[in-house]
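A short write-up of the structure that comes next.
None of the figures in this text is laboratory data; all of them are computed from the coordinates on show. All figures in this text were calculated on a predicted structure; none of them were measured in a lab. Methodologically, a virtual Cβ is constructed for each residue, glycine included, from the backbone with ideal geometry; neighbour enumeration extends over all protein chains shown.
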């Protein structure tokens, strides 16, 4: 079974990252307007994934939101499981290695989130 990220209030977190990274009210409103266009599943989690993969860059956010409308699962994999999602069969061949990758991904995600919120 794939280890999951720590359960979070995704809806609150993505907005906190936007508030922290886009201090200028006009820029923040622009970014929030971009996020308003996303109407797919798991909106808070996907929006946070967009921020992570885009490194909070506006043009990347716009592009990734368009991608997320059709391919939101791939975006979540890129944000949350960038190491293990590309290692087909590793879980069966080397479960210890696979679990180590999951732990590394979790630590990387937590580190990114801490930096994003501290800005």
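For a modelled paramagnetic label at residue 16, 7 Å from Cα along Cα-to-Cβ, the residues of the range 65-106 in reach, with backbone nitrogen under 19 Å, are 80, 106. The label-point distance for residue 111 and residue 36, in a model that sets each label 7 Å from Cα toward Cβ, rounds to 3.7 nm. Available extension along the chain between residue 93 and residue 58 is 8.6 nm, counting 0.36 nm per residue and deducting the alpha carbon span. Entry note: the chain has Rg to Rh equal to 1.00, where both radii use alpha-carbon atoms and Rh is the Kirkwood radius.
For the peptides 41-51, 82-92, the ranking by mean Cβ contacts within 10 Å, running from highest to lowest, is 41-51, 82-92.
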